[in-house]
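Let me begin by presenting the structure, written as structure tokens, before commenting on it.
What follows draws every value from the coordinates through simple rules; no lab data is involved. Everything quoted here is computed from the prediction, not taken from an experiment. With ideal geometry, Cβ positions are generated from the backbone for all residues, glycine too; neighbour counts draw on all protein chains shown.
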There are 2 protein chains.
Amino acid sequence: MAKRQARFTVEELADDPRLHDDSADLWDQERPEVMRSLLTSAVRCFAKNGYHGTTTRDICVGVGLSPAALYVHFDSKETVLFDIMLAGHHRALAAVQEPAVLDIDRSDERLGAIISRYTAWHARHHVAARVCQFELSALTSEHYAEILELRHRTNEFFHDAVTRGIADGSFAPVDVKRVTRAMLSLSIDLVRWYRLDGTDSPEQLGEFYAALALKLVEHPPVLHGDG
Amino acid sequence: MAKRQARFTVEELADDPRLHDDSADLWDQERPEVMRSLLTSAVRCFAKNGYHGTTTRDICVGVGLSPAALYVHFDSKETVLFDIMLAGHHRALAAVQEPAVLDIDRSDERLGAIISRYTAWHARHHVAARVCQFELSALTSEHYAEILELRHRTNEFFHDAVTRGIADGSFAPVDVKRVTRAMLSLSIDLVRWYRLDGTDSPEQLGEFYAALALKLVEHPPVLHGDG
DNA sequence: GTCTATAGTAGGATAGAC
DNA sequence: GTCTATCCTACTATAGAC
């Protein structure tokens, strides 16, 4: 009865459309290909069964290597997770701090761009993003602190975009902290259900959520006309 | 290096304010007290380290029992998780299908009540809810199917409430599926960050999110006045 | 840089005393 | 119904051949 119940074959993992995303493009191209495919395999395994529910064997078997192969390229299983976390969080941050976003003057367009990019990133990389969002507690405390720092920097973009819109009168005087959290929740929670083979492309969902987010900060309708 | 890094003492777990919630009130009062305290301990452990990151020893030590004590009350570790999942999902469903909600005629008040109750439930039981939301894949496929059924029934209340408001003209003709998912995301994602010792009580957060949700289905403002 | 083999340990579950 | 002791498997990580 001590047998793990949710064992799986390589094919099952690779065929599951819920585990299809673009995480393979996350890794530094200068790294050896084996290393990158191990990371991609690890992402799928961690997303499906969690860090503790995944064995180093699972990761290796996923790319057709022996159980020992992982330790040629990584110091430990935790290092693999940390590598994934670093890449994912750096890319998510990069998505919202591009010049194309920072150069936008209008507060509503700026917030909309941040939301749509952050959302689209999570959708396009939803498998890796699931690992990044849900496996933080498996990191060593040093690695955890490093990732938290990246998360704070990302969250600040949301917070600042809302604050700025309120200051210039574009947005209603909402509770910035609570509203920001709500917007982040929309963009993040999609990793639980999004599929690339669904009806919305990452960009379409991004646009949709940007529109929703703007409704949250819109000035309330004026009941007796404003014209 | 094979040593688990995130080991913890009983005191650390009990003292962590991020792990304080009202999950102890979830269990059927007719069950023996030991059983209930094992479930409460398991909730804390699963929430902190995940199902696979938790040992049966952790759960027992959390209530001062020997490693073997768990098997007097439960068939297996997975059964413990399933018990938690059943209780949590039943209670969350009960929160939205109370007569006090079903009797509401006005579509906006009805949707608001559903959102605020569902949100407040997740906030008040955020530790148990985290387990219910994030550990589904650790269930056997039979148990998983049973929980999925409860989740569908819950989601239908949201879907119906939005559909109904559109039909009677209370709401704008939004994309029901996408908007419903967004609302569920708001209520569910809070389990990642909510703390009972924060600034919002579960009910306050519920009211706030109900108001946000209604903004998502509001008729767009009429630019040239409607009076 | 990959393999096979294995060391060493942790963890699910059970046996049997009290 | 709780304990101590333990079975046995599975896991991380390493050793050493090719």
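Key figures for this structure:
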{"read-out": "Sequence of A:Trp27, B:Trp121, B:Trp193 once ranked by neighbouring C-beta atoms within 10 Å, starting from the fewest", "value": "B:Trp193, A:Trp27, B:Trp121"}
{"read-out": "Residues A:Leu102 and A:Ala167, FRET efficiency given R0 of 22 Å [Cβ-Cβ distance, rounded to 0.05]", "value": "0.80"}
{"read-out": "Rounded if a/c under 1.5, otherwise prolate or oblate - segment B:10-73, Cα gyration tensor axes", "value": "oblate"}
{"read-out": "Low-density loop positions, trypsin sites (Lys or Arg not before Pro), segment A:31-132 - DSSP coil, at most 13 other Cβ in 10 Å", "value": "A:Arg106"}
{"read-out": "Cβ-vector label at 7 Å, B:Arg164, separations to other copies in nm", "value": "4.2"}
{"read-out": "Backbone N under 14 Å from the B:Thr79 label point (7 Å along Cα→Cβ), restricted to segment B:38-60", "value": "B:39"}
{"read-out": "Label spacing, shortest first and in nm, from A:Glu33 to its equivalents in the remaining copies (7 angstrom along Cα→Cβ)", "value": "6.5"}
{"read-out": "Hydrodynamic radius of the protein assembly as shown per Kirkwood, over alpha carbon pairs, in Å", "value": "23.3 Å"}
{"read-out": "Per-q log10 I(q)/I(0), chain A, q = 0.13 Å⁻¹ (Debye; single scatterer per alpha-carbon; no solvent)", "value": "-0.79"}
{"read-out": "When each of A:Lys77/B:Lys177; A:Lys77/B:Lys77; A:Lys48/A:Lys215; A:Lys48/B:Lys177; A:Lys177/B:Lys177 is checked by Cα-Cα distance, pairs over 30 Å", "value": "A:Lys77/B:Lys177; A:Lys48/A:Lys215"}
{"read-out": "At 7 Å out from Cα toward Cβ: B:Thr199 inter-copy label distances (nm, ascending)", "value": "3.7"}
{"read-out": "Rounded FRET efficiency, nearest 0.05, which uses the C-beta distance separating A:Val222 from B:Ser137 and R0 of 41 Å", "value": "0.25"}
{"read-out": "Over chain B, relative contact order from alpha-carbon pairs under 8 Å, at least 6 apart, %", "value": "25 percent"}
{"read-out": "Average beta-carbon neighbours from other chains, 10 Å sphere, peptide A:182-194", "value": "5"}
{"read-out": "Distance histogram for segment A:1-119 (every C-alpha pair counted, 5 angstrom bins, percent rounded to whole numbers)", "value": "2, 10, 19, 19, 16, 11, 9, 7, 5, 3, 1, 0, 0"}
{"read-out": "Charge context of A:Glu207, other residues only, Cβ under 14 angstrom, K/R +1, D/E -1", "value": "-1"}
